[in-house]
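Comments concern the structure below.
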Amino acid sequence: MENNNYQYDTLSEAVNDLIKRGYTTDFLVHEEKDCFLCEQGTLELSPEEFYIDEFYRFEGMTDPGDESIVYAISSPKLGIKGLVINAYGADFGYRSSKLVQRLQKRE
């Protein structure tokens, strides 16, 4: 898994560029199940069906402990590409982190 030499200064810059590159689905973590939601919450998808294509880590401007990571993920089987944003620090989401760990890493 490589970041293809892309470098971003901010989370919003990364998200905007990844969307331009086809990662258009916004994946949300289901609050009670171990799955991702998309299509306005109508479609539940297993993390095992996806690969992490790229990821970028960012620290908060005012608080270095306020981190977030954006994952560009894809499923060739399902023909879908999108983003998962995982926050750390004060907004740390334990369920989101555990779910992201189950994503497959591209070799």
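The values are calculated or read from the model by the stated rules, or taken from the named source; none is laboratory data. Not measured: the values here are computed from a predicted model. Cβ coordinates were reconstructed from backbone atoms using ideal geometry, including for glycine residues, and neighbour counts include every protein chain displayed.
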Quick one: what pairs do we get from region 45-60, first residue free of Cβ contacts under 8 Å to residues at least 60 places away in the same chain and farther than 12 Å from I80 by Cα, second among the small types (G, A, S) and not in a strand (DSSP E or B), C-beta under 6 Å, 6+ apart or different chains? Y56/A14
Can you name the residue in region 12-48 that is among the hydrophobic types (A, V, I, L, M, F, W, C) and modelled with pLDDT of 90 or more and, of all such residues, is surrounded by the most Cβ atoms within 10 Å (Cβ to Cβ)? A14
